[in-house]
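Visitor: Encoded as C-alpha cells, here's the structure I'll be asking about.
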Amino acid sequence: MSRNKTFEPNSFLSKYIDRFYTFEKSSNDYFELPPVLPGTGLELVFHLGKSLSINNGKLPKSHTVCPRKIFHFDKEKEVSFLSVRFKSGAFRHFTAIKSSELNDNYFSVEDLWHQKGSELTRKLEDLSGIQAKIQEIESFLVNAYNQHHNEKDDKWDLTIDELYYNFDSNTIRQLSQKANLSLRQFERGFKSQFGITAKEFQKFTRFQDVIKSMLLNRDSDYLDTILDNGYFDQSHFIKEFKSLTKKTPLEYFTEDNFNSHFYHKSINKSKLPTA
C-alpha cells in the first residue's frame, strides 16, 4: 500500500520551497524504494516512523538529502516520511552550513541548527497531524531565514533561475556578462554560493529535466526529449546517463521506475527554480 500527498508552502516560503510532500508505503515483505537520482535541489526529510538507512547505516530522525550522485535507501517493510523540497540553491538562505558540505551528505537538524534543531524535533514528535507538523516546520524555517539570510547573496538567485530554466540557451560566459562579472569571478562566486560549478549545475539540470519529463509522461522513447534538452545525440545521452546513474537508460526505464519515483509535476514557477 502506498500513499503520497503534496502540500504547498505558505506565501513567504514559496519563493524558496517547491512543496511539502508525504511518502508512505507498507508491505508484508521488504521492498525497494525508488533510487534517488542526481539533481540540483535539496530536501529536508522528517521520518514519521522508523528512520531509513543507507548501506545499513541508520539515518538521523530528520536530515538533508542533497544528491549529486545516485543512491539507494535500504529495503524496508514500512516507510513514512514528510519531506520539504527546496528549490535549487535556496537552502543556503536558511543555514550557515556551506553548500559544498551539503552535497551527498545527510546533515541532521541538530547539525544544521544545534539546540533549535533539537527543539524542532521534540515539538514535531508531540504533534499528531501532518498539517500541524508543516505549520511548525514553516514557522521554524521563517526564523532560520531571518537569522541566516544575507541580502548580498540575493543577486545569485537570479543567476540560478536563469541557468535552471534556460540551461540550453545560455553559456557560462553569457551569464557572467549578465552578472557584470569576469568569467573567473563568476565561476568562483557560483561555486561558493551553490557548492558545484555552473557547468556541473547545467549538466545536472539538463539530466534532471529529461528524466523527470520521461517518468511523468511514462515515455521511454527519449530521442526527441534529449535533443530538445541540448544533448547532441543518443550516444551523448547514454554516456552521461551511465556516468550519473551507473546504469544504461534501457536498464533504468522499467515499469517499476515508471510506477514509483520521487518526481512530481511542477506547482508553479516563482522566482527561484523548482528542484
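Visitor: Taking the criterion of being of a type outside the set (F, W, Y), in contact with a Lys or Arg (Cβ under 6 Å, 6 or more places away or on another chain), open to solvent by 10 Å² or more (accessible area, probe 1.4 Å) and modelled with pLDDT of 95 or more, would at least one residue in the stretch 25-40 satisfy it?
Guide: no
Visitor: Another one. For the stretch 228-271, what are the residues that are farther than 24 Å from F20 by Cβ and modelled with pLDDT under 85?
Guide: Matches in the stretch 228-271: D228, N229, G230.
Visitor: Mind counting the residues in the stretch 189-198 that are open to solvent by 30 Å² or more (accessible area, probe 1.4 Å) and in contact with a helix residue (DSSP H, G or I) (Cβ under 6 Å, 6 or more places away or on another chain)?
Guide: Total satisfying the criteria: 1.
Visitor: Identify, by number, the condition in (1) part of a strand (DSSP E or B); (2) touching a helix residue (DSSP H, G or I) at 6+ places or on another chain (Cβ under 9 Å); (3) free of Cβ contacts under 8 Å to residues at least 24 places away in the same chain that R3 doesn't meet.
Guide: In the conditions (1) part of a strand (DSSP E or B); (2) touching a helix residue (DSSP H, G or I) at 6+ places or on another chain (Cβ under 9 Å); (3) free of Cβ contacts under 8 Å to residues at least 24 places away in the same chain, R3 misses (2) alone.
Visitor: Can you pull out the residues in the stretch 210-236 that are part of a helix (DSSP H, G or I) and open to solvent by 70 Å² or more (accessible area, probe 1.4 Å)?
Guide: Those that are part of a helix (DSSP H, G or I) and open to solvent by 70 Å² or more (accessible area, probe 1.4 Å): N217, L223, D224, L227, D228, Q234, S235.
Visitor: So which of T205, T254, T197 is more than 30 Å from K155 (Cβ to Cβ) and among the β-branched types (V, I, T)?
Guide: Going through T205, T254, T197 in turn, just one is more than 30 Å from K155 (Cβ to Cβ) and among the β-branched types (V, I, T): T254.
Visitor: Condition first: at pLDDT 95 or above, among the β-branched types (V, I, T), closer than 25 Å to E24 by Cα and within 19 Å of the chain's Cα centre (by Cα). Can you find one or more residues in the stretch 94-105 that meet it?
Guide: no
Visitor: If a residue counts only when it is in contact with a helix residue (DSSP H, G or I) (Cβ under 6 Å, 6 or more places away or on another chain) and of a type in the set (G, A, S), which helices (runs of 4 or more DSSP H) contained entirely in the stretch 119-183 have at least 1 such residues?
Guide: Answer list for the stretch 119-183: 172-178.
Visitor: Just the residues that are more than 23 Å from the chain's Cα centre (by Cα) and open to solvent by 80 Å² or more (accessible area, probe 1.4 Å), please, taken from the stretch 175-188.
Guide: Q177, K178, N180, R184, Q185, listed by residue number.
Visitor: Something else: Scan the stretch 11-20 residue by residue and report those that are within 17 Å of G129 (Cα to Cα) and out of contact with any strand residue (DSSP E or B) (no Cβ under 8 Å at 6 or more places or on another chain).
Guide: Once the filter is applied, which keeps residues that are within 17 Å of G129 (Cα to Cα) and out of contact with any strand residue (DSSP E or B) (no Cβ under 8 Å at 6 or more places or on another chain), the stretch 11-20 yields nothing.
Visitor: Run E119 past the list (1) open to solvent by 20 Å² or more (accessible area, probe 1.4 Å); (2) within 20 Å of Y16 (Cα to Cα); (3) among the acidic types (D, E) and report the number of the one that doesn't hold.
Guide: The single condition E119 does not satisfy is (2).
Visitor: While we're here: Yes or no: L102 within 24 Å of E136 (Cα to Cα), buried (at least 20 other Cβ atoms within 10 Å of the Cβ) and in contact with a Phe, Trp or Tyr (Cβ under 9 Å, 6 or more places away or on another chain)?
Guide: Yes; evaluated as a whole, the condition is true for this residue.
The values are calculated or read from the model by the stated rules, or taken from the named source; none is laboratory data. Values in this document were obtained by computation on a predicted structure and should not be read as measured data. Glycine gets a Cβ as well: all are built from the backbone with ideal geometry, and neighbour counts include every protein chain shown. These area figures cover heavy atoms from the full protein model, side chains too; ligands, DNA and RNA do not enter into them. Shrake-Rupley method; radii C 1.70, N 1.55, O 1.52, S 1.80 Å.
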